[in-house]
Every structure is written in structure tokens, then in C-alpha cells.
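Here the structure is laid out as C-alpha cells; the discussion comes afterwards.
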Amino acid sequence: MKLEIFDNYEGLSLRAAKEIIGVIQRKPNAVFCLATGDSPKRTYALLTNEATQSGVDFSKAHFIGLDEWVGIPPSNPGSCHYYLDTNVFRPLGISAARIHLFDALSKDLPNECHSMDETIRRLGGIDLMLAGIGMNGHVGFNEPGVSPNLYSHVIHLDEMTQNVGQKYFNGAVVLKQGITLGLKHFLETKLVLLVANGGEKAAIIKRSLEENISENLPATFIRKHSNGKVFIDSAAAFKLIKAR
Ligand code: PGA
């Protein structure tokens, strides 16, 4: 794992956008898994601007969904589906056939998990995953206590995730379950970027990078990844022993 600390959110976002562009330039049919959330938002704005201005071609790429709130429809602005459509797919002009997201309204969620795993296998695995770190150390919806041996699965959301998740929605919503790629996908992905910014992430960043690797803190598994990169800004880094 490599850790890079940036002066600010802009620097971090620029670096993450460059990593994504580097992958598509080396492999035009690359498979991406891009998280939703506040952390990568600026990365997507910079990425889509650069792609439009410089003609970076994503038309042969595939996009895998990292996770989704069970029971929340794609039309809801708080859904991961809506976020990706708005911030990534529409600006990059990605065709529907190349977008593979969980249907969190499905009556058969185990089958959703199974077909996502099959899709990833058929496409030859994920080339780049960009993910944030939850306030409880989750990655995707791999909540504390999750088995690292799982591929896609449905999970009961931690109370902190249920509460923090309200920030994405216009009004109060019931968020009980998530559907997510597993830590096994995370560990098998060729390049993983974890991004975090802001002082409110400083404590969880410190724990994720300095505590023992454990399923009780899923983000610690980035340290088991042979090609994992953690990009944080100085505010998120301020509690780290080495960064002081
Ligand atoms: P955030 O979410 O980027 O909105 O902080 C991160 C996460 O919960 O994974």
C-alpha cells in the first residue's frame, strides 16, 4: 500500500482523476468500479472535464457499481445509481450496456449478487476501484465485522451508516440494508484507490492505517492490497503519527 498526503482536496482529486485517466489510456476496455459519496465528487468533476476537453475515450470501458441502498429506487437523488448517472455516466456518455449496477429493488437480491459476481468474472476482473472510507471504516457497504471472504452480498447497515447516510437524501429515509461488492472483490481488484478528505475523517484514517488489520475495521484491508493507494488531504492526515 502507498500513502500520499496532499495539501488540499483539490490536489487529491486531481491525482485520483489522473490515475483513472492513466488506466483508460493503457487499457481502453478497462473495468472501473467508482464509488459514490462526497469524497470522490471532485475527482469525477475533474475527470469528466478532462475527458471532454482532451477527448479521453471511455466508450469501451465498463463500469461496475460498488454498492446501493436496498429499497431505494434509481430515481431517488440519494441513490448510488442516480449519483453515478449524474456525476459520471452522463458526462462521459457511457452507454447502458457498459453499466452494471445492483438492482436494489429486486425481489431476488441473492441473484443480484450472483449475477454481479458473474459479470465481474466475465469481464476479467476490476482494473480500478475508487472508494471512500466511511466514518466507521467501511468500504462500500462492507461494515465492521464483515467476512473478508465474501464477494457480493446483502448486509445489515451499521447504525452509523444508517445515520451518516441521511446526508445524501433530501428528507429522512429508512436505510436498513445495503447490497455491496465484497472485500474479496476489493482485494482482487488490480488497483484500488481509497480517498478521504477533511478533519472529520482524521480519526478513522488514523485507525485504518495504524491499527491491526481486522474485519472489525474493513478499511484496514487496504494494507493487504499489493496495489492499493490511499490519497488523503492534510486535514484527514493530521492525526497520523508519521504525518506529524
Ligand atoms: P463520503 O462517504 O465520501 O460521503 O464521506 C464515504 C463512505 O461512506 O464510503
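Considering the stretch 118-143, and only residues there that are away from the ligand (no atom under 11 Å from the Cβ) and under 16 Å from the mean Cα position of the chain (by Cα), the residue that is surrounded by the fewest Cβ atoms within 10 Å (Cβ to Cβ) turns out to be GLY125. Figure legend. Inter-residue proximity from the stretch 183-205: first residues modelled with pLDDT of 95 or more and assigned to a helix (DSSP H, G or I), second residues polar (S, T, N, Q) and near the ligand (Cβ under 10 Å from one of its atoms), beta-carbon distance below 7 Å, spacing 6+ or different chains. Indicated pairs: LEU183/ASN142. Total residues in the stretch 153-181 satisfying the condition of being more than 12 Å from the ligand (Cβ to nearest atom) and buried (at least 24 other Cβ atoms within 10 Å of the Cβ): the figure is 2.
Among the residues of the stretch 165-182, the one identified as without any contact (Cβ under 8 Å) to a residue 40 or more places away in the chain, of a type outside the set (A, V, I, L, M, F, W, C) and not in a helix (DSSP H, G or I) is GLY171. Being more than 14 Å from the ligand (Cβ to nearest atom) and either under 21 Å from ASN87 (Cβ atoms) or touching a residue at least 60 places away in the same chain (Cβ under 8 Å) (or both): is that true of SER208 here? It is false that SER208 is more than 14 Å from the ligand (Cβ to nearest atom) and either under 21 Å from ASN87 (Cβ atoms) or touching a residue at least 60 places away in the same chain (Cβ under 8 Å) (or both). Of all residues in the stretch 203-223, those satisfying the criterion of being among the aliphatic types (A, V, I, L, M) and either over 16 Å from MET160 (Cβ atoms) or surrounded by fewer than 19 Cβ atoms within 10 Å (Cβ to Cβ) (or both) are ALA203, LEU209, ILE213, ILE222.
The helices (runs of 4 or more DSSP H) located wholly in the stretch 9-114 that include 2 or more residues which are touching a residue at least 12 places away in the same chain (Cβ under 8 Å) and more than 16 Å from the ligand (Cβ to nearest atom) occupy 9-26, 41-54.
For TYR168, state whether it is of a type in the set (Phe, Trp, Tyr), in contact with a helix residue (DSSP H, G or I) (Cβ under 8 Å, 6 or more places away or on another chain) and under 26 Å from ASN8 (Cα atoms). Here the answer is yes, as TYR168 does meet what is asked.
Criterion applied to GLU68, GLU50, GLU10 was being of a type in the set (D, E, K, R) and crowded, with 19+ Cβ neighbours inside 10 Å, and the one residue passing it is GLU68. Of all the numbered requirements in (1) within 26 Å of ILE64 (Cα to Cα); (2) more than 12 Å from the ligand (Cβ to nearest atom); (3) in contact with a strand residue (DSSP E or B) (Cβ under 9 Å, 6 or more places away or on another chain); (4) part of a helix (DSSP H, G or I), LEU150 misses one, and that requirement is (4). When you scan the stretch 224-244, how many residues do you find that are loosely packed, with under 15 Cβ neighbours inside 10 Å and outside any loop (DSSP other than H, G, I, E, B)? So the count comes out to 1.
The values are calculated or read from the model by the stated rules, or taken from the named source; none is laboratory data. Remember, predicted model here, so these are calculated numbers, not experimental data. Cβ: placed from backbone, ideal geometry, glycine included. Neighbour counts: every protein chain shown.
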